[in-house]
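Next up is a structure, given as structure tokens.
The values are calculated or read from the model by the stated rules, or taken from the named source; none is laboratory data. All of these numbers come straight from a predicted model, not from anything done at the bench. As a convention, Cβ positions derive from the backbone with ideal geometry for all residues, glycine included, and neighbour counts pool all protein chains shown. The area values use the complete protein model at the heavy-atom level, side chains included, leaving out ligands, DNA and RNA. Shrake-Rupley method; radii C 1.70, N 1.55, O 1.52, S 1.80 Å.
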Amino acid sequence: MVRKQILIRGVVQGVGFRPFIWTLAKRHSVSGWVLNHSGGVTIEAEGKQARVQDFISAIRAEKPVHSYISRMDIRPVPVTGIAGFEIRESESDDPPGTFILPDLATCPDCLKELFDPADRRFRYPFLNCTHCGPRYSIIQRLPYDRPNTTMKQFRMCPDCRSEYDQPEDRRFHAQPTACPTCGPELDFRLTDGRISGRKEEALQLAESLLRDGKILAMKGLGGFQLLCDARQEETVKTLRKRKNREEKPLAVLVPDLAAARRIAEISEAEEALLISSEAPIVLLKQRKDSGLAPSLNPGNPYIGLILPYTPLHHLLMADLGIPLVCTSGNRSDDPICTNEEEAALKLGAVADGFLNHNREIQRYIDDSVVRVIREKPMMIRRARGYAPLPEGSHAGAGQPVLAVGAHLKNTVSVSDGNWICTSQHLGDLSTVSATLAFESAILDLCGIYQIKPEVILCDLHPDYFSTRHAFKSRLPVVQVQHHEAHIAGIRAEHGVTGEALGVAWDGTGIGRDQTVHGGEFFLSSPHQLLHTGQFLQFPLAGGDTAVRDARRSAFGLLTVALGDEKADEWILTHQFLPPAELKTFRSMVSKSVNTVQTSSAGRLFDGVSALMKIRSRSAYEGQAAMDLEFSSDGSVRESYPAEITGKKQVILDWRPVILAILEDLDQGKPISFIGGKFHFTLASLIIRLAKLKKLDQILAGGGCFQNKLLLETLIELGETAGIQVYWPQHIPPNDGGISFGQIAWYATAGKLQNREK
Ligand code: ZN
Ligand code: ZN
Ligand code: FE
């Protein structure tokens with residue numbers, strides 16, 4: 001006889017882990033107990049040596065679907081001779097060694113009950129079990145137990161209680177479990193705030209509002225959502241106007257996979273994502289005959305589709321059977337509203353009615369957005385379903401740190417020294433509410449995981465809200481160069497060993513030389529990251545205003561490629577700018593007033609898009625570049641001439657590319673051909689540089705690599721050349737990945753730099 005104590009860390013709470021252990025113990029005739037605590041799960045198992053051994057191997061082999069074991073420590077303890085196996089009550093003393101689980105989409109068993117008239121939870125919008133339902137959006141502290149969630153206000157009825165107490169039951173210790181008798185309920189209000197229906201009636205009222213082509217604000221899982229008929233052009237236009245969202249694409253909620261197929265082309269990997277328990281918005285190639293309102297995604301061949309992921313969404317979609325616009329319940333760039341009062345205040349002028357419920361949302365979490373590149377998911381917005389699970393195992397710096405990220409698409413990350421947890425997408429830190437969300441995300445992650453950071457990491461940009469926040473703390477601050485964070489993040493995510501060419505292309509980030517970077521190359525080795533080159537810089541008249549006005553980027557490109565005089569001549573003969581504006585831009589650039597020099601690849605794409613008259617004004621960052629991608633023919637395999645000059649510090653000279661494009665434009669060559677050739681040129685340049693530096697690995701990141709055509713061409717060229725291309729998949733390539741990258745950098749290259757100091 002032996003007795004073993006087994007400590008398991010990882011995602012082991014809220015996933016049916018203890019009942020699984022209980023069943024396993026019975027099967028292997030093992031006695032002892034299992035206990036949940038903030039350090040994870042501890043088991044004591046007693047029995048014949050072989051039985052206990054089998055029991056332990058079975059834990060790893062058969063663990064519940066959503067669980068994840070990061071560590072398992074086993075030690076012998078004295079045999080007690082006590083028979084039976086029991087599940088003990090939680091303790092909470094140790095520092096948390098367990099991870100919080102993200103919210104999970106409704107499981108097939110719950111779905112069956114939801115639509116079974118004989119079931120006591122028939123049409124109950126808040127049913128869930130240990131395999132599905134809310135987690136991160138309701139948890140207040142660890143360990144994950146009902147009193148530590150926003151479900152604590154609901155007293156379980158005897159029926160729910162007995163399910164909760166039965167180890168054999170699917171709802172054994174399902175913390176958010178509820179039923180129509182004891183759980184949360186719906187209510188419906190018009191914009192006057194008076195409740196005009198509850199429960200089923202509320203749902204019916206909301207549905208008839210949507211059938212009438214009106215806009216509904218619905219309290220969902222991680223926040224309010226705005227819903228309306230996605231087929232009605234006028235309705236969608238009204239939503240855009242009221243929400244103050246001019247052109248950004250809107251996502252569409254569809255009843256089921258079959259409906260999704262009628263709207264978009266769906267590959268195997270895309271289907272797997274759509275039906276996964278993470279249930280993100282998946283960006284898909286839209287079909288021409290989709291029947292959706294054109295203003296959902298003007299000029300964009302992709303449409304974001306999402307399947308129902310809560311019982312409430314399932315009920316709504318089963319009843320309505322039509323595609324619905326499903327967008328975050330906020331105005332322009334604010335974070336999503338999470339409570340009724342806030343929603344009434346902020347969305348009163350947007351929505352025609354409110355479908356509310358009385359389960360509190362502890363923190364707001366957006367729907368995640370994912371696209372598929374080469375049959376692998378690429379996170380565009382990492383939020384519900386994924387955050388705050390750790391990524392990049394053992395990528396931490398050996399000490400507790402906090403990283404506050406950049407400015408746009410901000411996230412924050414914490415590390416206990418070993419793992420890194422990245423928050424959900426928080427948004428651009430340019431509104432008061434986004435900055436509040438940022439501050440509470442820091443308190444949240446540090447609080448839940450009880451992390452006391454010894455160092456705080458931030459961007460080099462002095463004016464970012466996140467940077468100023470870092471310096472306000474009393475902790476030592478280490479500033480991490482923006483593009484170095486992008487590259488270090490990719491290395492950590494994929495566990496890359498050996499040397500690689502780092503390629504960081506995005507809109508903007510401050511370089512160590514204080515100029516505006518964005519088209520950068522690095523020599524990346526496991527413990528070092530050296531800036532080795534960039535695009536030839538060009539002037540941006542008006543600095544940041546060029547983000548919205550792609551003509552300013554084009555003006556800078558023309559100026560450098562042709563010289564002042566010839567550039568002005570070209571601009572006037574091609575009527576590219578009105579003479580008065582040309583004069584203003586020219587004087588700004590000549591006198592270096594309100595002008596920055598940049599190597600930004602994002603602005604290079606913008607500028608080419610404007611030169612080709614594809615798009616000159618952007619309603620959001622990257623729109624001109626995106627339209628260039630969408631106008632380009634991906635089958636072009638020709639390259640414009642480009643030069644690589646300089647030795648140690650390489651300059652990628654794009655001037656011959658611009659000159660050749662101007663010539664092609666004058667000759668009337670098709671836009672799709674020129675665009676395709678431009679994409680191919682840039683991808684080839686990266687490969688040329690890798691060969692020049694004798695590197696057979698490439699780490700490619702930064703917002704520009706959300707461009708599917710650019711990235712897929714690069715991967716393809718890499719395959720031909722025997723070069724392995726790594727790109728961000730679990731961590732977004734855009735600035736949503738910066739906080740993760742800051743920690744990854746600090747754990748590797750940063751250590752060396754600190755030692756040198
Ligand atoms: Zn379930
Ligand atoms: Zn109940
Ligand atoms: Fe960036």
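Check GLY304 against each of (1) open to solvent by 40 Å² or more (accessible area, probe 1.4 Å); (2) small (Gly, Ala, Ser); (3) assigned to a strand (DSSP E or B) and name the one condition it does not meet.
For GLY304, the exception is condition (1).
Picking from HIS482, HIS494, which residue would you name as being touching a residue at least 12 places away in the same chain (Cβ under 8 Å), open to solvent by less than 10 Å² (accessible area, probe 1.4 Å) and under 30 Å from ILE687 (Cβ atoms)?
Details: HIS494 fails: open to solvent by less than 10 Å² (accessible area, probe 1.4 Å).
Just a single option satisfies the conditions, and that option is HIS482.
So if I check each of ALA343, ALA383, which one is on the phi < 0 side of the Ramachandran plot and either among the polar types (S, T, N, Q) or not assigned by TED's automatic domain parsing to the domain that holds GLY427 (or both)? Give the steps one after another, and end with the answer.
Working: ALA383 fails: either among the polar types (S, T, N, Q) or not assigned by TED's automatic domain parsing to the domain that holds GLY427 (or both).
Answer to the selection: ALA343.
Moving to a separate point now. If you go through region 520-530 one residue at a time, do you hit one that is assigned to a strand (DSSP E or B), more than 15 Å from ligand 3 (Cβ to nearest atom), within 26 Å of ALA395 (Cβ to Cβ) and without any contact (Cβ under 8 Å) to a residue 24 or more places away in the chain?
Looking for residues that are assigned to a strand (DSSP E or B), more than 15 Å from ligand 3 (Cβ to nearest atom), within 26 Å of ALA395 (Cβ to Cβ) and without any contact (Cβ under 8 Å) to a residue 24 or more places away in the chain, one finds at least one in region 520-530, hence yes.
Show the residue pairs meeting these rules: Cβ distance below 9 Å; 6+ apart or different chains; first residue within region 174-188 and without any contact (Cβ under 8 Å) to a residue 24 or more places away in the chain; second residue within 11 Å of ligand 2 (Cβ to nearest atom).
No pair meets every condition.
Between LEU699, LEU665, LEU659, which is open to solvent by less than 10 Å² (accessible area, probe 1.4 Å) and not basic (Lys, Arg)?
Details: LEU665 fails: open to solvent by less than 10 Å² (accessible area, probe 1.4 Å); LEU659 fails: open to solvent by less than 10 Å² (accessible area, probe 1.4 Å).
Matching residue, one of LEU699, LEU665, LEU659: LEU699.
Among the numbered conditions (1) touching a residue at least 40 places away in the same chain (Cβ under 8 Å); (2) open to solvent by less than 30 Å² (accessible area, probe 1.4 Å); (3) within 19 Å of GLU520 (Cβ to Cβ), tell me where SER618 comes up short.
Of (1) touching a residue at least 40 places away in the same chain (Cβ under 8 Å); (2) open to solvent by less than 30 Å² (accessible area, probe 1.4 Å); (3) within 19 Å of GLU520 (Cβ to Cβ), only one is false for SER618: (3).
Could you tell me which numbered condition GLU565 fails, if it satisfies all but one of (1) without any contact (Cβ under 8 Å) to a residue 60 or more places away in the chain; (2) closer than 25 Å to HIS407 by Cβ?
All conditions are met except number (2).
Let me ask you something else. Only one of (1) out of contact with any Gly (no Cβ under 7 Å at 6 or more places or on another chain); (2) closer than 30 Å to GLU391 by Cβ; (3) part of a strand (DSSP E or B); (4) not hydrophobic (A, V, I, L, M, F, W, C) fails for SER70. Which number is that?
(1)
Same structure again: Which one of ALA118, ALA178 is more than 23 Å from TYR386 (Cα to Cα) and more than 16 Å from ligand 2 (Cβ to nearest atom)?
Exactly one residue qualifies, and that residue is ALA118.
In region 580-603, what residues are buried (at least 18 other Cβ atoms within 10 Å of the Cβ) and more than 19 Å from ASP568 (Cα to Cα)?
To start, the set of residues in region 580-603 that are buried (at least 18 other Cβ atoms within 10 Å of the Cβ) comprises 585-586, 588-589, 595-596, 598-603.
Across region 580-603, the qualifying residues are VAL596, THR598, SER599, SER600, ALA601, GLY602, ARG603.
One line per residue, one yes/no per condition, for (1) modelled with pLDDT under 95; (2) under 30 Å from PRO733 (Cα atoms):
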{"position": "ALA554", "(1), (2)": "no, yes"}
{"position": "LEU558", "(1), (2)": "no, yes"}
{"position": "LYS566", "(1), (2)": "no, no"}
{"position": "GLN597", "(1), (2)": "no, yes"}
{"position": "ALA619", "(1), (2)": "yes, yes"}
{"position": "PHE630", "(1), (2)": "no, yes"}
{"position": "PRO656", "(1), (2)": "no, yes"}
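Another question, if that's okay. (1) open to solvent by 10 Å² or more (accessible area, probe 1.4 Å); (2) of a type in the set (Gly, Ala, Ser); (3) assigned to a loop (DSSP other than H, G, I, E, B): which one isn't true of ALA258, the others all being true?
Failed condition: (3).
Just checking, does region 551-574 include any residue being within 16 Å of ligand 3 (Cβ to nearest atom) and either surrounded by fewer than 22 Cβ atoms within 10 Å (Cβ to Cβ) or assigned to a strand (DSSP E or B) (or both)?
Taking region 551-574 as the starting set, the residues that turn out to be within 16 Å of ligand 3 (Cβ to nearest atom) are none.
Taking every residue of region 551-574 in turn, none turns out to be within 16 Å of ligand 3 (Cβ to nearest atom) and either surrounded by fewer than 22 Cβ atoms within 10 Å (Cβ to Cβ) or assigned to a strand (DSSP E or B) (or both).
Show me the strands (runs of 3 or more DSSP E) found entirely inside region 372-430 where at least 1 residues are under 14 Å from ALA747 (Cα atoms), away from ligand 2 (no atom under 16 Å from the Cβ) and at pLDDT 90 or above. Let's see the steps before the verdict.
On the way: elements: 376-381, 401-403, 413-415, 420-422.
Qualifying strands (runs of 3 or more DSSP E): 401-403, 413-415, 420-422.
Picking from ASP544, ASP606, which residue would you name as being at pLDDT 95 or above and more than 30 Å from GLY495 (Cα to Cα)?
Details: ASP544 fails: at pLDDT 95 or above.
After applying the criteria, what remains is ASP606.
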